[in-house]
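K.L.:
Submitted below is the structure of interest, expressed as structure tokens.
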Amino acid sequence: MPTHQLHTLHERSFEHCRFVYPVLSRRSRGISVGVNLNPDKVCNFDCIYCQVDRTTQSETQFVELDALVAELREVLQVVASGEIYETSKFRDTPQELRRLNDIAFSGDGEPTTYRNFDTIIETCAALKRELGLDHVKMVLITNASMFHRPHVQRGLTILDENNGEIWAKLDAGTAEYFKLIDRTPISFAQILENITAAARVRPLVIQSLFMRVAGEGPSPAELAAFCDRLQEIVVAGGKLSLVQVYTVARRPAEGFVAPLSDAEVDAIAQMVRERTGVPAAPFYGNTGYQTDLTPPE
Ligand code: SF4
């Protein structure tokens, strides 16, 4: 087959996908295959920094399990075989990043709100085993709001058995700041309880996003409280393998939200390390988009 036809074929092979999307992730040093369990873009949080575009409605409203699994099979095979690097989108992938790192459950909302969460995790894990991809991680990117539900706990156990990692969001140290940033009726206490209980069973990665809100970064007292909450989780027997300290990198939901500087992100990561003893990694922002507060020069 002429090369250009091969490209067309493969590009079409994941462009039609509605639930599964491969991305090159420099952070994970390879390809991450995303699975979107919230095609309707509904979330039980309404974070002021959310990057999901909710101004337009998605054509796909419901997860179709068979279609999702067929897409995942196709994309995993195209990535694992290396054929993906023949497509125009992935042709420039550097040699050292040409590896399949993980299947990531994230997407356009909170993945654990999907009511068949345990079934879908089990089905995807079975497919991963069938394809001989035991070394490939399964990463759940979550706001931790549903960990107390039995079907979510079953899903987490299946992840544990299949090279899983749980990345749980914690953006605040106080209930007031949590309400300001994450805008949800779910209580901060519930989130802390859920994270603590889950971290007692397996190590969790904490993902924390800090930003400037109407020009103001998080106060020193808020950051101290954040470290205290992490410390409390550890003291209660929770295992935290890493705290990822982020700031805004793409256009957020609200125009009054702007990124912290690299130095401010570094300082928070350093504070976490010093005050909690938990490893922390900084991820920097991007002012390359226009916000209401930082107009382009
Ligand atoms: S939890 Fe995630 S998807 Fe939901 S609003 Fe917050 S950032 Fe957006």
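The values are calculated or read from the model by the stated rules, or taken from the named source; none is laboratory data. The structure displayed is predicted, hence computed values, not measured ones. Here the Cβ positions follow ideal geometry from the backbone for every residue, glycine too, while neighbour counts run over all protein chains shown. Just so you know, the surface numbers come from the protein's heavy atoms only, side chains and all, with ligands and any DNA or RNA stripped out. Shrake-Rupley method; radii C 1.70, N 1.55, O 1.52, S 1.80 Å.
K.L.:
For segment 160-200: of the residues being away from the ligand (no atom under 16 Å from the Cβ), under 20 Å from Val213 (Cβ atoms) and of a type outside the set (S, T, N, Q), which is surrounded by the fewest Cβ atoms within 10 Å (Cβ to Cβ)?
P.N.:
Here the residue is Glu176.
K.L.:
Which of the residues that make up segment 109-125 are surrounded by fewer than 20 Cβ atoms within 10 Å (Cβ to Cβ) and over 13 Å from Gly164 (Cα atoms)?
P.N.:
Thr113, Arg115, Asn116, Thr119, Thr123
K.L.:
Go through segment 50-76 and count every residue that is within 18 Å of Ser25 (Cα to Cα) and at pLDDT 95 or above.
P.N.:
Counting residues in segment 50-76 that are within 18 Å of Ser25 (Cα to Cα) and at pLDDT 95 or above gives 3.
Residues are listed down the side, and each one gets a yes or a no for (1) at pLDDT 80 or above; (2) within 16 Å of the ligand (Cβ to nearest atom); (3) over 19 Å from the mean Cα position of the chain (by Cα):
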position: Thr3; (1), (2), (3): no, no, yes
position: Thr8; (1), (2), (3): no, no, yes
position: Arg18; (1), (2), (3): yes, no, no
position: Gly30; (1), (2), (3): yes, no, no
position: Ile48; (1), (2), (3): yes, yes, no
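K.L.:
For segment 190-220, enumerate the residues that are touching a residue at least 12 places away in the same chain (Cβ under 8 Å) and small (Gly, Ala, Ser).
P.N.:
Residues satisfying the conditions are Ala197, Ala198, Ala199, Ser208, Ala214, Gly215, Gly217.
K.L.:
Can I ask one more? From the set of residues in segment 62-73 that are open to solvent by 60 Å² or more (accessible area, probe 1.4 Å) and touching a residue at least 24 places away in the same chain (Cβ under 8 Å), which is nearest to Phe90 (Cα to Cα)?
P.N.:
Result: Arg73.
K.L.:
Within segment 230-250, is there a residue that is farther than 23 Å from Glu165 by Cβ, in contact with a helix residue (DSSP H, G or I) (Cβ under 8 Å, 6 or more places away or on another chain) and within 16 Å of the ligand (Cβ to nearest atom)?
P.N.:
So far as segment 230-250 goes, no, none of its residues is farther than 23 Å from Glu165 by Cβ, in contact with a helix residue (DSSP H, G or I) (Cβ under 8 Å, 6 or more places away or on another chain) and within 16 Å of the ligand (Cβ to nearest atom).
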